[in-house]
Amino acid sequence: MKEKTLTFLTASLLLTTCVVNADVFNMPVDQKSLELLHIGNLGNIADNMGFGAVAHEYDIGKYEVTSAQYTQFLNAVASMGDPYGLYNPTMVTMAGGCKIQQVSLPEGGYSYRVQPEYANKPANCLTWDSAARFCNWLHNGQPAGPVGPGTTENGAYNVYNINWEDIWSLTRGVNAKYAIATIDEWVKTAYHKNDGLTGNYWNYPTSSRVIPTAEAPPGGTNSANYVWTTLKTTTSVGSYINTTSPYGAYDMGGNVWEWTETPFPATGKKGIRGGCFGNGSTELWRLSNFSEYIQNSSDAIGFRIVKLAGIEDGDANNDGLVNIGDLGVLAGNWGGGPGMTWFQGDFTYDGMVNVSDLGILAGKWGWSKGAGGLAIPEPATIGLLALGGLALFRRSRKE
C-alpha cells in the first residue's frame, strides 16, 4: 500500500513540477529575483546605541522586495478578494508609488500588473502587516490560493484574525523561515564593518564614515538616492552598482525606508530604517532611530526580508537534500492528521499531510545544501523521478 501511495505521489509530483507557479526567487530575465546574502560573524558586538548584535546566522535580501515580486504575491493570493488590503490604490495614485495596478476581470476577481519601468523598483505603499503576510507566503512555499491559513495568515507570523492593536508587538514564531528583518539584523547588515566579532560600525550604510553623495545612479562608491536627487522618486534596486553595505546589500540608505520587525513599546510603533529618496542625510545616519505606525503606508516605505538558518522546505528527513527520501516520508504519512509535524511531511504547519505539502516538496525538488542551496538541473531531476515512479508502478502491478 505504501508503494502504491508513493507511486501516486510521484506521478502527482511530476504534474506539479510542470505547472508554472509564482517564484520570486526565479523571476523573468528582465526582472530582479529575490537574492539573499549570507550574514555571518555570529555574536558580534553591538554598536554604541545598543543595536546590531546578532547571535544567529541569517540571510538577508540583497535588494529591497521589488514591485514585480510583490505583484506575483498579489496574483497568487488576492485574485479572488483582498480583505486585508494587501493591494493599496495609492501604489498608483501617489507620485512615488510602485505603480502596481489592480484590474477587475469580467468573470470576477482581480489581476495585478506592474508598469514595466517600475518592475525593479521597490514595492511601497504597503503596511507592516502586508509585509508580514508576504513573509508568511514565502514561509508556506509561495502557494496560490485565497488569503487564509496556509497562505498568508500563519507561518512566520500568526496574523489570523488578529486585532490592529496587537500587531505592533507581533514578532516571528520560533519556526519562522522568512521574516521581516529585526533592527539588529538590519543594523548589522547595513553598518557593521564585517570584520569578525568586533563592535566596529560605519556611520552610513554605504560602507562609509562620511555622508554619501546624493546623485543619480550609477554614482560612485559612496552614493545614494536621497535628499531629492534629480530623480525625486525611487530608483530600481541595485542601480548604485558600486555602493553597498559592508555585507554587499544595496540601497540600505535612501530609496525607501524599510520596515523592521522590532516594536517600540514607548510609541506603539514598528522601527523603520534607512531613510528614503526625500530625506536628508540624518535619516541615513546610524545614530538616527525612527519608527512608524503599522497601519501607515507611504511611497517612502518598503521592506527587505531575511531567511533564517535551519531546515529547508521539503527536507523532511533533514539530510540536506530534497529527493526521493523525502517523498517517501510524505508517502508514509499521506492523509495523516491532525497532529502531523514537519518531519512527517507537514511543511505548511497545518497538522495535515496532503497536496499542499506535496506542492512545497515539488517546488524544492533537487535542492542540495552541499551545493550551496542549488537544485539539480530540473530535466535530470524529473527524468530520474519519472524512472523511479515507473519502476514502482511496475513493481506494484506485479504484486
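The values are calculated or read from the model by the stated rules, or taken from the named source; none is laboratory data. Only a predicted model underlies this, so the values are computations on that prediction, with no experimental measurement involved. Glycine also receives a Cβ, built like all others from the backbone with ideal geometry; neighbour counts cover every protein chain displayed. Ligands, DNA and RNA are stripped out before the accessible areas are found, and what is left, the full protein with its side chains, is counted by its heavy atoms. Shrake-Rupley method; radii C 1.70, N 1.55, O 1.52, S 1.80 Å.
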Subject >> Environment charge at LYS193 (Cβ cut-off 15 Å; Lys +1, Arg +1, Asp -1, Glu -1) >> reply: +1
Subject >> With DNA, RNA and ligands ignored, accessible area of TRP367 (1.4 Å probe; Å², nearest 10) >> reply: 30 Å²
Original post:
Can you give the FRET efficiency for SER288 and ASN161, using 1/(1 + (r/R0)^6), R0 = 35 Å, r = Cβ-Cβ distance, to the nearest 0.05?
Top reply: 0.45
**OP:** With all protein chains present, calculate the accessible area of SER288 using a 1.4 Å probe and round the result to the nearest 10 Å².
**Re:** 10 Å²
Original post:
What does the charge count near ASN225 come to, summing +1 for each Lys or Arg and -1 for each Asp or Glu among other residues with Cβ under 15 Å from its Cβ?
Top reply: -4
Original post:
Which number do you get for Rg(Cα) / (2.2 N^0.38 Å) in segment 110-172?
Top reply: 1.23
**OP:** Once you have the Cα-Cα distance between LYS232 and GLN101, take 0.36 nm times their residue separation minus that, and quote the gain in nm to one decimal.
**Re:** 45.0 nm
Original post:
What does segment 149-227 give for Rg and for Dmax, in Å, if only its C-alpha atoms count?
Top reply: 18.1, 47
Original post:
ILE241 to PHE25: FRET efficiency via 1/(1 + (r/R0)^6), r the Cβ-Cβ distance, R0 22 Å, to the nearest 0.05?
Top reply: 0.55
**OP:** Calculate, in nm to one decimal, what ASP319 and ASN75 gain on full extension: separation in residues at 0.36 nm each, minus their alpha carbon distance.
**Re:** 84.5 nm
**OP:** Using the Cα centre as the reference, give the magnitude of the dipole from point charges on the C-beta atoms of segment 51-126 (Lys, Arg: +1; Asp, Glu: -1; all else neutral), rounded to the nearest 20 debye.
**Re:** 200 debye
**OP:** Inverting the mean 1/r over all pairs of different Cα atoms, compute the Kirkwood radius of segment 62-109 and quote it in Å.
**Re:** 11.7 Å
Original post:
With every protein chain left in place, what is the accessible area per residue of segment 164-291 in square angstrom, probe 1.4 Å?
Top reply: 37 Å²
Original post:
Which links in LYS121/LYS177; LYS32/LYS270; LYS177/LYS270; LYS32/LYS193; LYS232/LYS307; LYS121/LYS269 stretch past 30 Å when you go from one Cα to the other?
Top reply: LYS232/LYS307
Subject >> Two-site label geometry, HIS56 and VAL355: point separation in nm, points 7 Å out along Cα→Cβ >> reply: 3.4 nm
Original post:
Under a 1.4 angstrom probe, counting protein chains only, how are MET352, MET91, MET80 ranked by accessible area, largest first?
Top reply: MET80, MET352, MET91
**OP:** Kindly sort HIS38, HIS56 by accessible area of their heavy atoms, largest first, with the probe set to 1.4 Å.
**Re:** HIS38, HIS56
Original post:
What are the aspartates and glutamates whose alpha-carbon lies under 13 Å from the alpha-carbon of LYS364, with same-chain residues fewer than 8 places away excluded?
Top reply: ASP23, GLU312, ASP313, ASP315, ASP326, GLU378
Original post:
Short version: ³J(HN,Hα) in whole Hz for each residue of segment 90-101, in order, from phi by Karplus 6.51 cos²θ - 1.76 cosθ + 1.60 (θ = phi - 60°), x for Gly and Pro, what are they?
Top reply: 5, 4, 9, 7, 6, 4, x, x, 7, 6, 8, 10
